[in-house]
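Laboratory data are not the source of any read-out in this text; all were calculated from the coordinates shown. Computed from a prediction, not measured in an experiment: that's the story for all the values here. Using ideal geometry, Cβ is built from the backbone for each residue, glycine included, and neighbour counts are taken over all protein chains shown.
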């Protein structure tokens, strides 16, 4: 998935936030980045996907240099760009199937302490394409 995604409340359709999803490869490893636009700034979460026996794990804390969380801001007066890597912020997303349902446990940590858990299930909105049914990706 690449490009902007608008997350909305299911009952009203009102937007909650916009995320810009991208992926890149470095030294043979793929990463997923999600950028969240802010006024005169941007918050980016870069996660390393890893296969697990029971599903998929995306983690922002790894031995690799790129995964992590970044805050970038432009000074309105000078136009100078500042980028900070937020070393004490961490994120883990576990994706798995339980009871024939795609589930996600999305955990956030600050200084090693879990402060938020988003526990949700994922539903397909529309019918699968032929390529998706054959396991060849989205159309």
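Could you work out how far apart the two model spin labels at residue 23 and residue 121 are, taking each label as a point 7 Å from the Cα in the direction of the beta carbon, and quote it in nm?
My value for the distance between the label points is 2.6 nm.
Taking 0.36 nm per residue of sequence separation and subtracting the Cα-Cα distance, how much length would be gained by fully extending the chain between residue 54 and residue 86, in nm to one decimal?
8.6 nm
Springs between alpha-carbon atoms under 10 Å, Gaussian network over the chain: tell me which of 22, 44, 82 tops the mean-square fluctuations.
Sorting by GNM fluctuation, first place goes to 82.
Please state the shape class of region 1-78: rounded when a/c is under 1.5, otherwise prolate if a/b exceeds b/c and oblate if not, all from the C-alpha gyration tensor.
Here region 1-78 falls in the oblate category.
Identify which of the listed values of Rg/Rh (Cα atoms, Kirkwood Rh) was calculated from the structure shown: [x] 1.19; [y] 0.99; [z] 0.95.
[y]
May I ask for the distance between the Cα centers of region 52-81 and region 1-38, given as a whole number of Å?
Each part's Cα centre sits 13 Å from the other's.
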